[in-house]
1. Could you check the stretch 37-46 and list, in sequence order, the residues that are in contact (Cβ under 8 Å) with a residue 24 or more places away in the chain and either within 16 Å of ASP58 (Cβ to Cβ) or open to solvent by less than 50 Å² (accessible area, probe 1.4 Å) (or both)?
2. Suppose we filter the stretch 30-64 for residues that are at pLDDT below 95, in a loop (DSSP other than H, G, I, E, B) and more than 9 Å from the chain's Cα centre (by Cα); how many remain?
3. Are there any pairs with C-beta distances below 7 angstrom linking a residue in the stretch 14-36 that is under 21 Å from ALA47 (Cβ atoms) to a residue that is open to solvent by 80 Å² or more (accessible area, probe 1.4 Å) and part of a helix (DSSP H, G or I), with the two at least 6 apart or on different chains, and if so which?
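The values are calculated or read from the model by the stated rules, or taken from the named source; none is laboratory data. Treat the numbers as computed from the prediction; the structure is a model and nothing was measured. Note that each Cβ is placed from the backbone with ideal geometry, even for glycine, and that neighbours are counted across all protein chains shown. With ligands, DNA and RNA removed, areas are computed over all heavy atoms of the protein, side chains included. Shrake-Rupley method; radii C 1.70, N 1.55, O 1.52, S 1.80 Å.
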Amino acid sequence: MKIAVTYENGNVFQHFGHTQFFKLYEIDGGEVLNTIVVDTQGEGHEALAGFLYFNNVDLLICGG
């Protein structure tokens with residue numbers, strides 16, 4: 001499973017549509033296998049939704 005968290009300065013960022021980074025977690029069997037912070041390269045809900053889709057994200061966690 002892949003989880004994306006809106007991310008800024010070590011915290012969950014509060015606005016999905018303006019997030020510049022996601023922290024991605026790869027989870028298997030209840031264990032975190034890998035984490036990486038990635039630049040979204042886009043702004044706005046549609047671009048970010050596409051980013052999540054093309055990166056095979058199963059779950060999104062965001063503030064607000």
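1. GLY44
2. Qualifying residue count, the stretch 30-64: 8.
3. From the stretch 14-36, the pairs are PHE16/HIS45; GLY17/HIS45.
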